[in-house]
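The values are calculated or read from the model by the stated rules, or taken from the named source; none is laboratory data. Since the structure is predicted, the reported quantities are computational estimates derived from the model, not experimental observations. Cβ: placed from backbone, ideal geometry, glycine included. Neighbour counts: every protein chain shown.
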Amino acid sequence: MEPSTTLREGVITAIQPQQRQKSRVNIFLDGEFAFGLDAEVLLRHHLKKGTTLSVDDQKHLLFEEDLKAALNRAFRLLGQRNYSEQEIRRKLGLARFHEEIIDRTIARCRELDYLDDEKFARDFVKTQLARRPQGKLRLRPALLRKGVATKLADEILGEFFASVDTARLIEEAAEKFLSRRAKTIPADKLRKRLADHLLRAGFTWDDIQRLPLWKKLGNPIDF
């Protein structure tokens, strides 16, 4: 939050509630508007008419104001769905909060267990696989786009797919595709279309070739 003018020492001569935001007040120093402030910050510092505010006092108040605003924004976002740490950083950056404010906000969210990239990554993988069968090669870049660190993404996916029946997963993906498209695609093109679909879903060519359904659909495809 930026003050209306360059900060200067002054005495509070008026504190007026804002009309549109009832939780905020306008602070006047020496008869002139200086800055807006959250009412909680006002009460916490026992500010009142006649209080003298140095430049450092005002900087501290405005820092606290920005920090509260950043925390509120982060809490609202995290109340809607899970986010990675990097996603919250990006959103706060787009809202033009300073780097120190963002760092403090992220640290507080970690303390409250609102941000946990490991938990986020595990939940993301589970949710994506519940929506549709897909392979590691699709999930990995999706995690990286979400801001999950490469090492953590690889660890989570390695652990997860070590406990998953990949053959059954790709078979499910193939069966779903064929149930929807087998009657609309010419027989001589079905095998190629299936392979393209499974590759886009993040499965490897080796996985596809081991698929029992694959052997029933005709001659091998030269990739």
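Things worth noting here:
- Test: residue in the stretch 91-100 that is without any contact (Cβ under 8 Å) to a residue 60 or more places away in the chain and farther than 18 Å from E64 by Cα: yes
- Residue within the stretch 150-163 that is touching a Phe, Trp or Tyr at 6+ places or on another chain (Cβ under 7 Å) and among the hydrophobic types (A, V, I, L, M, F, W, C) present: no
- E100 passes every criterion in (1) assigned to a helix (DSSP H, G or I); (2) over 17 Å from the mean Cα position of the chain (by Cα); (3) over 30 Å from L62 (Cβ atoms) apart from (3).
- Within the stretch 186-195, being surrounded by fewer than 16 Cβ atoms within 10 Å (Cβ to Cβ) and either in contact with a helix residue (DSSP H, G or I) (Cβ under 7 Å, 6 or more places away or on another chain) or not assigned by TED's automatic domain parsing to the domain that holds L211 (or both) holds for no residue.
- Condition check for R81 on (1) under 30 Å from F124 (Cα atoms); (2) crowded, with 16+ Cβ neighbours inside 10 Å; (3) modelled with pLDDT under 95: one failure, at (2).
- L169 being in a helix (DSSP H, G or I) and in contact with an Asp or Glu (Cβ under 8 Å, 6 or more places away or on another chain): no
- Hits in the stretch 176-218 (condition: of a type in the set (S, T, N, Q) and part of a helix (DSSP H, G or I)): S179, Q209
- For the stretch 127-166, a residue qualifies if it is closer than 21 Å to L77 by Cα and either charged (D, E, K, R) or free of Cβ contacts under 8 Å to residues at least 12 places away in the same chain (or both), and the qualifying residues are T127, L144, R145, K146.
Conditions (1) within 12 Å of Q134 (Cα to Cα); (2) modelled with pLDDT of 85 or more; (3) surrounded by fewer than 16 Cβ atoms within 10 Å (Cβ to Cβ); (4) acidic (D, E), marked per residue:
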site	(1), (2), (3), (4)
A162	no, yes, yes, no
A167	yes, yes, yes, no
E171	yes, yes, no, yes
K176	yes, yes, yes, no
R180	no, yes, yes, no
T204	yes, yes, yes, no
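- The set of residues in the stretch 88-109 that are of a type in the set (D, E, K, R) and crowded, with 18+ Cβ neighbours inside 10 Å contains only R89.
- Test: Q16 is out of contact with any Gly (no Cβ under 7 Å at 6 or more places or on another chain) and closer than 24 Å to L94 by Cβ: no
- Each residue in the stretch 124-154 was checked for being in a helix (DSSP H, G or I) and surrounded by 14 or more Cβ atoms within 10 Å (Cβ to Cβ), and 15 of them qualify.
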